[in-house]
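One structure below.
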Amino acid sequence: MALTSVQSFYSPEDSKAVIELLDKHEDSALIVAGGTFLHGLVSRGLLSGIEALINIQKLGLNKIDISSDAINIGATTLLGQLKNCPEVKEQAWLGAIKDAMEYPPTQIMNSGTVGGSISSSCPFFDFPVSLLALDGNVQAEGSSGSRDIPLEEFFAGLFENSLGSNEFVTGVRIPVPAGSTTSAFIKMETNANDLAIINVAVCLSMSGTGDCEQARVFLGGGVGESPVRSPSAESALVGTKVDEEAIEKAGEAVLNDLDPLSDHRASAEYRKAMGKVLLKRALASAMQRLS
Amino acid sequence: MSTTNVIGKSITRPDAYDKVTGGKKYPVNYTLPGMLHMKILRSPYPHAKILSIDTSEAEKLKGVRAVLTPDEVPKKYFTPVYFVPYNAPSMVQDFILLSDTVRWAGQPVVAVAASSEDIAEQALELIDVEYEELPTVFDPEEAMKDGAPQLHEASPNNIAKNPSFEFGDMEAGFEDADHIFEGVYETQRAHTCYMEPRVCVADSDTDGRITIHSSMQHTFGLREKLAVALDIPESMVNVVKPTYIGGGFGGKLDIGFIEGLAALLSLKTGKPVRAEHSRGEDFISTTRNPIKVYLKTGVKKDGTYTARQIKSILDCGAHATHGSEVIMVHGLYGTFFPWKCPNQIWEGFTVYTNNMIGGGYRGYGAPQGCFAVESQNDEICETLDLDPIEFRLKNTHREGDPHPVLEGHKLASYKIEECLRQGAERIGFDKRQAAGSAEGVKKKGIGFAVHPLWVSGCVGFPDIYEHSGATVKLNRDGTADVISACVDLGSGQISMLTAVVAEELSLSADKVRIVYADTDTAPFDAPTHASRATYSAGLATKAAAVETKKRLFKAAAAVMEANADDLVLEDGKVMVKGVPESAVPMTDIIARAESPFIQVGEQGPAPTTIAEKGTIIGTASQAPPSNPSPVGAQFIEVEVDTDTGEIEVLRVVYSADVGQVIHPNSAEGQVEGGFQQGMGYALMENLQFDQETGACLSADFLDYKIPTAMEMPSNIESIFIDSHEPTGPYGGKSMSEMCLIVPAAAIANAVYNAIGVRITELPITPEKVLKALGKL
Ligand SMILES: Cc1cc2nc3c(=O)[nH]c(=O)nc-3n(C[C@H](O)[C@H](O)[C@H](O)COP(=O)(O)OP(=O)(O)OC[C@H]3O[C@@H](n4cnc5c(N)ncnc54)[C@H](O)[C@@H]3O)c2cc1C
């Protein structure tokens, strides 16, 4: 199966041109970044009527900027570039991203982009779940200017997001947390080319006395139309030292917020059980990182 | 054993460079000018009657050149399996290219040829088919019940085949037993996942003759089945042998649909027609048949078998095709005869359902049998506290024993004891812990499985083609051309045939070429399947090289004025045995044999002799003399995460008696590739279907999971036991399928050793492990 209806392929060199093209072609235009997920969408018949492809690789968005208050990752930054970024490798608070970058196969690391990973709005991806835990924002640009969209508000269902009709993603922005923060991510997969059966990301901000001041817990994979947050697990953690007992309680608590799906890959029951196991492991790993 | 020049050394694979630079000779890269592209409209229903088909809109689409509907296809019902005659009495003739009844979701209904793939695809959307849905049945045991929906009129209760064997006295046998073990072992559908899709280009001449290129495992099988499907004489079809194909593993061992439909469309349009499966189409075109095995075994306290009762139910899907042979091989070589048991009964059922059609897959019924028998053997040893190695040896045949299936043949080379003992030693089997006794969340375990009887071809099986042939021709530049219809699936037949000819003709391997062959010009060869190519095609090619050598000696005798019987070939030179001064380079002899009769030299014209003239060529066509059994045992260490159920394979030792190893690197490749497929079968692979609509749920690699390099253990050790098969080419026999027969059983036993709980249904998914551990 192919995108038989495509008539034009554009490679604009600035955002303005992208927006104009999006305006001109409306629903029949599609942005292409690495093209790695496009293929899957096409072969499953999820894309039709596409007449124009807009390649955004020439906008100069493949860069990572680091300042004291935020990390800005351009939309066409390759997952592999992100993996090799020294901050991601070394900083405990970016641990969830470091972990998430361990999973995609090499081919995807070398061609899939950060913007594509987010814009696909697919709950089965890894990077978006780790970014949710880090309270990341999506930077979008459209005819009415640019705006930051908190990632939690960005996802709006399976393959759906809150981008306007002529908006596209230019990058993501992760605020640098104050104080002592750590994060971790774990994915369950069948083989190295798999999308998550279930995945979990946690981010913990600890006070000087070792108490958890803030916890963010997100799960992806077959958990719903979009990744889900677990307020129950978070409140089981806040105020504790995230010791074994707290971790155990958080593991129990996460079950309150999980209503996963049953499909040919795993039952809901199994996904729930794994939500608990993976959360406990992710918490232990995040704490380990801090020490 | 005599020393060899080429055999047993890993010659450079002649096809390697070509493949790593793009493999332009794969059939998928074959094109013809002006060719059309075919696409198939498939049924969305698993069981339905076609009431009407309207193709008028599709035919109006610009670029559409022809449309083919069921009423334009010859009404020929046949067996599409390549290695048996199309009308073999032991098989079922229920297959037809297009029918007005659909029996599985995905069955071809209409084929379209157009000037491009895109147009052909668009045309499919314009075809209007009216169906009347019929009741469906997906479970073979349900299908066998009275009142179940019937798929084929000729097969009451949907039973396509019901073979059985028996010997001894079952009642006495079970009475004699100190313990009786009973279990049910189930296996799933798995796809071979060949890399190159099924693809073909069919072209027709003005006289109605078809020439076809295709990615398949048997040139002559395709010729026969295509002729039947088109209802034309066999000689009206010429099948060009692909230089190599991108994998088959048994998945390209029957004609399927594309070749027949493309050929009919070529006849209709007068143009070449190309057809290529999408991966989704491949996934619903061939599969290992799921088999449910009911196994009951009686044993003495010391572990000696007294009786065994086996019932195997095979789901063949909508048509019997391979299912009627897989059940036999599964019964005979997968469960019944490998083990010594005085009283045995086996009954098999090949059952129609509205599932996809089954196919061939490396091991052909034996992985399912080995999983059942070796799982239960492990249970027996565990329960009775028996040494699992000694238990196996007590109940298996020994070297020199009569072949358990083939009357008049012996197990002449059969190093089962060495396989088991050397494998056990390498993995450290004596140090393994008691089942389930490992501490911690992640538990390690060691297990093994052996399969004591398998084949080197099909000698002894009813209705199966087995002969091979080849022609070997020497050129004046000292090279040899080999014409053989034996297809290289990627498993190294090119290297094997090259090595055999080089060895026999005392040439270096780079002087031998496997050249163009087609069914018009090459002698018949049975397919590359059944672990037979080295033994059967290897022997026939060796025989052809021997004929060539005879011819060389005849010419040399004239040139050298010697007696042909006294001549030997060494280092590329012909000489009188024991007289090195007599040596003449073989190129001189070949040049003389091919030269003009009167050669004009400095001294004027000089006639040569009539006796030396003529191309140095030899042909052989023969059936192999026997069917020696290889043996394979696999020892495996796994680690099971008891919180998630995930299984990691840490270490693999495979020890085998394959006779003389022809090409050591390829042999190790077979072990590793076989393990990868076996590990997938054991742990993750599963073609799944919606149980209401029959739609495939795992039609791409996002949903159909196979082990990647990342899941493979870094360490797969092969031990090839020193062995020499007296009837084989240079002492060789077979190896390919065994490498995939044992892994699932070995992994299951290792998992049991790790966690103390047994899983009897493949694949052993994390979820099943967790359930078995009572954690879900
Ligand atoms: C075999 C395989 C394995 C994979 N494994 C993993 C894994 O382990 N973990 C994981 O997280 N992911 C995995 N993925 C998914 C992979 O991460 C995504 O495919 C990739 O990140 C998408 O990026 P891309 O640049 O290729 O997107 P594209 O394919 O180019 O685009 C994807 C979608 O996003 C839209 N889009 C892209 N960029 C923008 C933008 N800037 N603004 C608006 N819309 C945009 C496109 O229009 C399209 O709809 C895997 C994919 C495959 C095929």
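Evaluate the relative contact order of region A:8-58 (contact order divided by residue number), counting alpha-carbon pairs under 8 angstrom at least 6 apart; express in whole percent. Don't jump to the answer; show the numbers that get you there.
Numbers: 60 pairs, mean separation 29.9, N = 51.
After rounding, I find 59 percent.
Taking beta carbons within 10 Å but only from partner chains, what does the mean come to for residues A:191-197?
5
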Inset, instruction - Return the distance in nm (one decimal) between the two label points of a simple spin-label model at B:K340 and B:E141, each offset 7 Å from Cα along Cα→Cβ. - result: 3.5
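With both bridge residues required to lie in region A:1-126, what share of the DSSP beta bridges run antiparallel, to the nearest 5%? Please report the intermediate quantities before stating the final value.
Working: 4 of 11 bridges.
Taking every DSSP beta bridge with both residues in region A:1-126, the antiparallel ones total about 35 percent.
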Legend entry - Protein accessible surface hidden between A and B, which excludes ligands and nucleic acids, total in Å², probe 1.4 Å: 2000
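So, counting K/R as plus one and D/E as minus one, what does the shell of residues with Cβ under 10 Å around B:L776 add up to? Walk me through the numbers on the way to the answer.
Numbers: positive: A:K272, B:K768, B:K771, B:K775; negative: A:E269, B:E767.
Once all neighbours under 10 Å are counted, the net charge is +2.
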Inset, instruction - Between beta-carbons, use under 10 Å as the cut-off and find the net charge around A:Q214, counting Lys and Arg +1, Asp and Glu -1. - result: -2
Inset, instruction - Per residue of region A:135-141, in order, report the coupling 6.51 cos²θ - 1.76 cosθ + 1.60 (Karplus, θ = phi - 60°) as ³J(HN,Hα) in whole Hz, putting x for Gly and Pro. - result: 6, x, 10, 9, 9, 10, 10
Inset, instruction - Calculate one ³J(HN,Hα) per residue across region B:178-188 by plugging θ = phi - 60° into the Karplus curve 6.51 cos²θ - 1.76 cosθ + 1.60, and present them in order as whole Hz with x for glycine and proline. - result: 7, 9, 10, 10, 10, x, 10, 10, 10, 10, 10
Inset, instruction - Only bridges with both residues in chain A count here: give the DSSP antiparallel percent, nearest 5. - result: 85
Legend entry - Spatially proximal aspartates and glutamates relative to B:K394 (Cα-Cα < 12 Å; intrachain offsets below 8 disregarded): B:D302, B:E417
Inset, instruction - Give the calculated FRET efficiency between B:Q599 and B:D128 to the nearest 0.05, with a Förster radius of 56 Å applied to their Cβ-Cβ distance. - result: 0.15
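Based on the Cβ-Cβ distance of B:N475 and B:A623, what FRET efficiency does E = 1/(1 + (r/R0)^6) give at R0 = 30 Å, to the nearest 0.05?
On the way: r = 29 Å, r/R0 = 0.98.
So the FRET efficiency works out to roughly 0.55.
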Legend entry - Of B:A517, B:A545, B:A562, farthest towards positive along the dipole that unit charges on Lys, Arg, Asp, Glu beta carbons give chain B: B:A562
Legend entry - Of B:K511/B:K542; A:K272/B:K768; B:K24/B:K542, pairs whose Cα-Cα distance is over 19 Å: B:K24/B:K542
Inset, instruction - Kindly provide the GluC sites (Glu not before Pro) of region B:505-588 that DSSP labels as loop, not H, G, I, E or B, and whose Cβ sees at most 11 other Cβ atoms within 10 Å. - result: B:E561
Inset, instruction - At 7 Å along the Cα-to-beta-carbon direction for both A:E269 and B:N563, put a label point, then send me their distance in nm to one decimal. - result: 8.4
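Starting from the Cα-Cα distance between A:E225 and A:D65, subtract it from 0.36 nm times their residue separation and give me the gain in nm to one decimal.
Numbers: separation 160, 0.36 × 160 = 57.60 nm, distance 3.14 nm.
Residue separation times 0.36 nm, minus the Cα-Cα distance, leaves 54.5 nm.
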Legend entry - Two-site label geometry, B:Q150 and B:L702: point separation in nm, points 7 Å out along Cα→Cβ: 4.3
Inset, instruction - At 1.4 Å probe size, with every protein chain present, just tell me what the per residue accessible area of the protein assembly as shown comes to in Å². - result: 37
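Using a 1.4 angstrom probe on heavy atoms only, work out the carbon and sulfur share of the accessible area of chain A in %. Present the calculation step by step, with values, prior to reporting the outcome.
Values: 5750 of 11990 Å².
So the carbon and sulfur contribution to the accessible surface is 48 percent.
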Legend entry - Two-site FRET efficiency, B:E390 against B:D205, from Cβ-Cβ distance with R₀ of 56 Å, rounded to 0.05: 0.30
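Let me know the mean shielding of B:703-716 by other chains, meaning the per-residue number of their Cβ atoms within 10 Å of its Cβ. If you can, show how the numbers build up before the last one.
Values: counts 7, 1, 6, 3, 3, 6, 4, 7, 5, 0, 0, 0, 0, 0.
The mean count of partner-chain Cβ atoms within 10 Å per residue comes to 3.
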Legend entry - Pairs beyond 23 Å (Cα-Cα), from B:K311/B:K775; B:K573/B:K613; A:K24/B:K60; B:K444/B:K775; B:K39/B:K62: B:K311/B:K775; A:K24/B:K60
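Any chance you could run the full-extension gain for B:T4 through B:L32? It's 0.36 nm times the residue separation minus the Cα-Cα distance, nm to one decimal. Present the calculation step by step, with values, prior to reporting the outcome.
Details: separation 28, 0.36 × 28 = 10.08 nm, distance 4.37 nm.
Extra length from B:T4 to B:L32 when fully extended: 5.7 nm.
Looking at chain B, do any whole DSSP H helices span at least 15 angstrom along their long axis by alpha carbon and average -1.0 or above on Kyte-Doolittle, and which? Numbers along the way, then the final one.
Values: long enough: B:219-230 (16 Å, 0.75); B:258-269 (16 Å, 1.17); B:366-384 (26 Å, -0.22); B:416-427 (17 Å, -0.53); B:493-504 (16 Å, 0.85); B:538-560 (31 Å, 0.42); B:664-683 (28 Å, -0.52); B:743-755 (18 Å, 1.08).
Helix filter hits for chain B: B:219-230, B:258-269, B:366-384, B:416-427, B:493-504, B:538-560, B:664-683, B:743-755.
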Legend entry - Long-range HN-HN contacts of A:L61 with modeled amide H, under 5 Å: A:T76
Inset, instruction - Return the aspartates and glutamates within reach of B:K733: Cα separation strictly under 14 angstrom, same-chain partners fewer than 8 residues apart disregarded; answer none if there are no such residues. - result: B:D657, B:D722, B:E725
Inset, instruction - With a cut-off of 13 Å, note down the residues of region B:555-579 whose backbone N falls inside the zone around a label point 7 Å from the Cα of B:A611 toward its beta carbon. - result: B:555-567
Inset, instruction - Excluding residues on the same chain fewer than 8 positions from B:K225, give the aspartates and glutamates whose Cα lies under 12 Å from its Cα. - result: B:E234, B:D254, B:E259
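The values are calculated or read from the model by the stated rules, or taken from the named source; none is laboratory data. Note that this is a predicted model, so its numbers are computed, not measured. Heads up, the Cβs are rebuilt from the backbone with ideal geometry, glycines too, and the neighbour counts pull from every protein chain shown. Keep in mind that these areas ignore ligands, DNA and RNA; they rest on the heavy atoms of the full protein, side chains included. Shrake-Rupley method; radii C 1.70, N 1.55, O 1.52, S 1.80 Å.
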